[in-house]
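Reviewing the structure listed below.
Computed from the coordinates by the stated procedures, all read-outs in this text should not be read as laboratory data. Keep in mind that this is a model prediction, so the values were computed, not measured. Here Cβ is always computed from backbone atoms with ideal geometry, including for glycine, and neighbour counts include all displayed protein chains.
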């Protein structure tokens, strides 16, 4: 789940990349600006994790609802609720919920940061990629400025709609995390109560408060 909420990322720098691609930067800025105009976004996505050396291939599907700093992520039997201050992670199989304070740092891993912070946190360039075969699609490689868990991110963007179609995270352990947006709905009606975990809806839930 941390890879999803880190759902598109930022942290680790490779020295071989010092020039910023102005075309890539401009397109990312357009996507960021367009995303900021939406009052909310709902997205259905598919997720895979691959590691050739370890012969691992996992696939899942999920949904994301985000409005400003508030969000809900539902994937692989887990639901994550965030009201902008508190994060609840509900695990259905064990009927337990973990409660944490939201990370408010500027580099925090949240869906909102992922959707709006590309040019702030990455070196960028346009590349050729097999997943960008549609003429309306552009592939952009992002190299994080500061060294961390991830080597790079490849984002596929629909140039006409100014929307993300997919992205891949490459970590330093040989794992590749791929997210594909299957359905994108901007400005869906939401209420603040949607982003709060309600214990009454889950009888006998075990509450683990980690604040």
Assertion target for 155, 196, ordered by fewest C-beta neighbours within 10 angstrom first, is 196, 155
Most exposed first, judged by fewest Cβ atoms within 10 angstrom, 56, 41, 140 run 56, 41, 140
